[in-house]
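What follows is a set of notes on a single structure, which appears directly below.
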Amino acid sequence: MEETNIITQPPIKPEIEALFNAGVHFAYKKTRRHPKMREYIAGVRSNVEVFHLERVYERLVDAMAFMEKLGTESAVILWIGTKPAACSIITDTATALQHPYVAKRWIGGTLTNFKIIRGRVEYLKTLEEAIQNPDFLKYPKHERMKTKKEVEKLQEEFGNLRLLKSIPNAMVIVDANEELTAVTEGRKVGVKTIAIMNSDCDPDAVTCPIPGNDNAVQSIKYLIGKLKEAYLKGKASAPKKDEVREKEVKDEALQNPVKNHQVPANSS
């Protein structure tokens with residue numbers, strides 16, 4: 001396929017135009033491209049490769065369908081994005097959904113040594129409760145200061161993982177290369193992963209790759225926003241617990257008519 005010419009005007013299709021306007025189409029130079037990303041490249045502009053937005057959109061739709069399914073299950077998703085362009089977007093999105101997230105530094109073993117990580121989170125909660133206890137003021141000042149500093153350090157490292165009470169149902173990652181350790185750990189423990197990834201990444205490394213610009217704030221914001229939107233759509237369509245229970249009772253009654261039939265007492 002010819003890689004020297006690329007259209008400069010956005011396509012007519014609204015979904016593709018939205019990707020174009022967000023700058024999702026900008027990739028890297030050809031020399032940085034991962035071999036398996038070849039099918040997603042449309043051409044070159046100003047010495048920079050450009051993503052084929054129709055194919056990007058296909059992958060985005062796949063990821064959104066997966067997110068919608070997760071939403072119907074109220075699944076817990078671990079959101080990850082530590083690069084400067086992604087951290088605030090990841091923080092805002094995960095906070096809005098009340099999900100755990102990593103926006104500063106991935107701690108090795110977060111998934112592969114989950115029990116240890118969870119233990120540190122529980123320890124943090126214990127220290128926080130101790131500080132709030134009136135008896136804490138009875139301790140010497142230097143001990144109180146030492147404890148508070150320890151709490152601050154633990155909050156920075158583990159505070160955003162409070163809601164991660166078990167291995168997550170899925171992960172959403174910005175830049176699979178930047179978060180390679182998280183991707184690797186996810187694969188080891190069997191966590192399905194959605195990842196926004198530029199042309200230097202291996203699309204086969206994750207469950208749902210979304211080829212696209214993972215450096216620009218506007219691009220990341222748009223793609224993460226679509227994933228959040230899909231999750232909320234699924235969650236809104238999910239039946240409430242009482243509705244599910246009512247259906248289960250009705251189904252059980254239909255399947256076991258004899259069990260649910262009241263037999264009159266013997267009058268003899």
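The values are calculated or read from the model by the stated rules, or taken from the named source; none is laboratory data. These numbers were taken from a predicted model, which means no experiment stands behind them. Quick reminder, even Gly has a Cβ in these numbers, built from the backbone with ideal geometry, and neighbours come from all protein chains shown.
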Practice task
Could you figure out which of (1) over 12 Å from the mean Cα position of the chain (by Cα); (2) in the same structural domain as Ala182 (by TED's automatic domain parsing); (3) among the β-branched types (Val, Ile, Thr) isn't true of Ile90?
Solution key: (1)
Completion exercise
All conditions in (1) surrounded by 19 or more Cβ atoms within 10 Å (Cβ to Cβ); (2) in contact (Cβ under 8 Å) with a residue 40 or more places away in the chain; (3) under 20 Å from Val217 (Cβ atoms) are true of Pro168 except (3)
Completion exercise
Exactly one of Asn133, Asn177 is polar (S, T, N, Q) and either touching a residue at least 60 places away in the same chain (Cβ under 8 Å) or closer than 30 Å to Ala216 by Cα (or both), and that residue is Asn177
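Matching residues to (1) touching a helix residue (DSSP H, G or I) at 6+ places or on another chain (Cβ under 6 Å); (2) more than 30 Å from Ala27 (Cα to Cα):
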residue	(1), (2)
Ile117	no, yes
Glu129	no, yes
Glu143	no, yes
Leu154	yes, yes
Lys165	no, yes
Val174	yes, no
Handout entry: Meets criteria (on the phi < 0 side of the Ramachandran plot, modelled with pLDDT under 95 and not in a loop (DSSP other than H, G, I, E, B)) for Glu252
Key = yes
Exercise for the section: Mind listing just one residue for me: the one in the stretch 45-87 that is over 21 Å from Pro168 (Cβ atoms) and small (Gly, Ala, Ser) and, of those, modelled with the highest pLDDT? Expected result: Ala85
Exercise for the section: Might you check whether a residue that is part of a loop (DSSP other than H, G, I, E, B), surrounded by 23 or more Cβ atoms within 10 Å (Cβ to Cβ) and more than 16 Å from the chain's Cα centre (by Cα) occurs anywhere in the stretch 206-226? Expected result: yes
Completion exercise
Given (1) of a type in the set (S, T, N, Q); (2) assigned to a helix (DSSP H, G or I); (3) touching a residue at least 60 places away in the same chain (Cβ under 8 Å), Gln155 misses just (3)
Practice task
Determine if the stretch 90-101 includes at least one residue that is surrounded by fewer than 13 Cβ atoms within 10 Å (Cβ to Cβ), within 30 Å of Ile173 (Cα to Cα) and touching a Leu at 6+ places or on another chain (Cβ under 7 Å).
Solution key: yes
Practice task
Being over 21 Å from Thr207 (Cβ atoms) and of a type in the set (Phe, Trp, Tyr) is the filter; apply it to the stretch 23-80 and report the residue that is farthest from the chain's Cα centre (by Cα).
Solution key: Tyr28
Problem - Residue, farthest from Glu179 (Cα to Cα), within the stretch 43-68, restricted to residues that are surrounded by fewer than 15 Cβ atoms within 10 Å (Cβ to Cβ) and touching a residue at least 24 places away in the same chain (Cβ under 8 Å) - result: Glu54
Fill in the blank from the handout: When the stretch 173-203 is checked residue by residue, the ones that are acidic (Asp, Glu), in contact with a Phe, Trp or Tyr (Cβ under 9 Å, 6 or more places away or on another chain) and surrounded by 19 or more Cβ atoms within 10 Å (Cβ to Cβ) are Glu179, Glu185
Practice task
Test each condition in (1) in the same structural domain as Val24 (by TED's automatic domain parsing); (2) at pLDDT below 95 for Trp106 and report the one that comes out false.
Solution key: (2)
